[in-house]
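Contents: one structure, followed by commentary.
The values are calculated or read from the model by the stated rules, or taken from the named source; none is laboratory data. Keep in mind it's a predicted model, so treat the numbers as computed, not measured. As a convention, Cβ positions derive from the backbone with ideal geometry for all residues, glycine included, and neighbour counts pool all protein chains shown. In case anyone asks, the SASA skips ligands and DNA or RNA and just uses the protein heavy atoms, side chains included. Shrake-Rupley method; radii C 1.70, N 1.55, O 1.52, S 1.80 Å.
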Amino acid sequence: MANLVLIGMPGCGKSTVGVLLAKALGMAFMDTDVVLQAREGQRLQTMIDAIGIDAFLEKEEESILTIDCDCTVIATGGSVVYGKTGMKHLRENGIVVYIRLPFSEIERRLSNLATRGVALKDNQTLYDLYQERIPLYEAEADIVFDATGLEIEQTVSAIARRFEALNGATHGR
């Protein structure tokens, strides 16, 4: 079975929804932020502060390129869409789902921006980042899922149904 790859802004629920999707679909779960932290031996924000955003994005993509799995729900870091080679690698055996939320909801959920490990450039606001990434997420997604106003369980059920329908239609692609 193909992997289910979750992309979207920090705070959209990729990790939380991903764990529940894995349980609902009988799949494994992987969080690429956790993989990167384990590989580098430090937290995301520590990496960004120490080496800068460009080098961080390179390390993130290098980490993505090491992923070799099947039948896994993969929750990615919000900045994964900057790495075109990494995204191509994830798409080779995965269906990519973009969890879309309005900016107001993302802003409400991200109270810990200074420590969360969000790849914000100097003088870039969260809104600027949101506007920059939306077209990237939409371009990479096989499924754009609008989670506005939905509870987590509703999001999980709806994404699971869409994934199963698409995975059945594209099995062996």
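Applying both filters, DSSP loop and at most 12 other Cβ atoms within 10 Å, to the GluC sites (Glu not before Pro) of the stretch 81-173 gives E151. About its Cα centre, the dipole of the stretch 88-143 is roughly 160 debye, where the only charges are +1 on Lys and Arg Cβ and -1 on Asp and Glu Cβ.
Backbone N atoms of the stretch 74-101 closer than 15 Å to the 7 Å Cα→Cβ label point of R162 belong to residues 95-101.
Using the Kirkwood radius over C-alpha pairs as Rh, can you work out the diffusion coefficient of the stretch 79-137 via Stokes-Einstein at 25 °C, viscosity 0.890 mPa s, in µm² per second? After rounding, the answer is 189 µm²/s. Taking all protein chains into account, the per residue accessible area for the stretch 1-76 stands at 42 Å² (1.4 Å probe). Between R39 and Q131, the contour length at 0.36 nm per residue exceeds the Cα-Cα span by 30.1 nm. Each principal axis of the Cα cloud of the chain was evaluated for its coordinate range; sorted largest first, these ranges are 44, 35, 26 Å. Counting only heavy atoms of the protein chains and using a 1.4 Å probe, L25 has close to 30 Å² of accessible surface. Surface listing: K121, K23 arranged by accessible area from highest to lowest gives K23, K121, probe 1.4 Å. Rounded to the nearest 10 square angstrom, F103 shows an accessible area of 40 square angstrom against a 1.4 Å probe. Each of I152 and F103 was given a label point 7 Å from its Cα along the Cα-to-Cβ line. The distance between the two points is 2.7 nm. Lysine pair count for the chain (Cα-Cα distance under 24 Å; residues 8 or more apart in sequence or on different chains): 9. Ranking Y127, Y137, Y82 by solvent-accessible area of protein heavy atoms (1.4 Å probe, all protein chains present), from largest to smallest, gives Y127, Y82, Y137. Find the relative contact order for the chain and round it to a whole percent, using C-alpha pairs within less than 8 Å whose residues are 6+ positions apart. Over the chain, the number comes to 35 percent. Surface composition of the stretch 15-173: carbon and sulfur make up 49 percent of the accessible area, probe 1.4 Å. Reported value for the stretch 23-97: 90 Å³ per residue, from the convex hull of its C-alpha atoms. Site pair K88 and K121 shows an inter-label distance of 2.4 nm when each label is modelled 7 Å from Cα along Cα→Cβ. Computed with every protein chain present, the accessible area of T32 is close to 10 Å² [probe 1.4 Å].
Across the protein chains, with a 1.4 Å probe defining accessible surface, the residues I53, I106 rank I53, I106 from largest area downward.
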